[in-house]
Amino acid sequence: MSNKVHLGHTARKRFGQNFLTNESIISRIVGAIAPDNDHVMVEIGPGLGALTEPVAESIDQLTVVELDRDLVERLESHPFLKDKLRIHQGDAMQFDFSQLRQDGKKMKVFGNLPYNISTPLMFHLFEFAKDIATMHFMLQKEVVLRLSANPGTKAYGKLTVMAQYYCQVVPVLEVPPTAFAPPPKVDSAVVRLLPYEEKPWPCDDVEVLRHLCTTAFNMRRKTLRNNLKTLLSDEDFASLDIDSSLRPEQISVPQYVAMANLLCKKQAQI
Ligand code: SAM
């Protein structure tokens, strides 16, 4: 049998389907997620239920968002899961997660994400950060390194700044390709994202921060002054005590937020 067929389902590449099969890794991930009834538990991409089954075992209800109609059908008729699941068939990138918050309970969101959309999906979820207590995601290891990077390193970039603006980032475990069927071409890792209750460096307009980061990291080998010359002047950098001759990856998250807030002020004056 081809290794693309797992539990009678042919894995669909376009949906990023790599199903977890390693029991010890599955139980470590479930331990990290720490399912409970005090949160609204939400899984993105339950697939064939590798995480869904052990998570659902210890709780009353689990909400899942799954794009693949065939997999949704299987979940709907699953002997043990069907009574516990609230199934939303559709694209998690378009999904309004705020509708899931109930009785003041925050969400715990988790998933072995389709790697082809994991970054835009995380950006989408950051919009709901205030309703989310924890997120646990299986990602490409390289993406986990970017999320958790420190300034001054190669992995530090726009994704780092945006993720660390919203969340505390904690790498949890590394996962080899052999833990999946079919095995992905890259190494994977699980990350824990903990959205801040109170942001340590609040930004007046997160869209401005996002635009600033895109522009700043546009050319990583150029200086900050060069990349941001259409947005900030030498006087602006001086007023923030930021050395604009540095490279974009040498600038900390609070410094990016300070630049974004100054930009907001300048735009308000126009
Ligand atoms: N959770 C399962 C596991 O660990 O074995 C499956 C993980 S597989 C990497 C990704 C899952 O996300 C698949 O079930 C796939 O159909 C689903 N998926 C892909 N794109 C999606 C999207 N845009 N919205 C929701 N689910 C999606």
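Yes or no, residue by residue, for (1) in a helix (DSSP H, G or I); (2) surrounded by 13 or more Cβ atoms within 10 Å (Cβ to Cβ); (3) of a type outside the set (Ser, Thr, Tyr):
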residue	(1), (2), (3)
178	yes, no, no
190	no, yes, yes
194	no, yes, yes
200	no, no, yes
212	yes, yes, yes
215	yes, yes, no
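When the residues of region 91-123 are filtered to those that are of a type outside the set (A, V, I, L, M), part of a loop (DSSP other than H, G, I, E, B) and under 14 Å from residue 64 (Cα atoms), which remaining residue is farthest from the ligand (Cβ to nearest atom)?
101
Which of the residues belonging to region 66-116 are farther than 18 Å from residue 139 by Cβ, among the charged types (D, E, K, R) and touching a residue at least 60 places away in the same chain (Cβ under 8 Å)?
70, 74, 101, 105, 106
So residue 112 ticks every box in (1) open to solvent by 40 Å² or more (accessible area, probe 1.4 Å); (2) more than 10 Å from the chain's Cα centre (by Cα); (3) within 24 Å of residue 47 (Cβ to Cβ) but one. Which box is left unticked?
Answer for residue 112: the failing condition is (1).
Among the residues of region 40-71, count how many are open to solvent by 50 Å² or more (accessible area, probe 1.4 Å) and of a type in the set (A, V, I, L, M, F, W, C). Give the steps one after another, and end with the answer.
Looking only at region 40-71, we keep the residues that are open to solvent by 50 Å² or more (accessible area, probe 1.4 Å), and these are 53, 57-58, 60-61, 67, 69-70.
Pick out the ones that are also of a type in the set (A, V, I, L, M, F, W, C) and you get 67.
Total satisfying the criteria: 1.
From the list 37, 18, which one is open to solvent by 20 Å² or more (accessible area, probe 1.4 Å), closer than 20 Å to residue 194 by Cα and polar (S, T, N, Q)? Reasoning before the result, please.
Values: 18 fails: closer than 20 Å to residue 194 by Cα.
Exactly one residue qualifies, and that residue is 37.
The values are calculated or read from the model by the stated rules, or taken from the named source; none is laboratory data. As the structure is a computational prediction, the values presented were derived from the model and not from experiment. Note that each Cβ is placed from the backbone with ideal geometry, even for glycine, and that neighbours are counted across all protein chains shown. The protein model used for the area step is the full one, side chains on, heavy atoms only, and it has no ligands, DNA or RNA in it. Shrake-Rupley method; radii C 1.70, N 1.55, O 1.52, S 1.80 Å.
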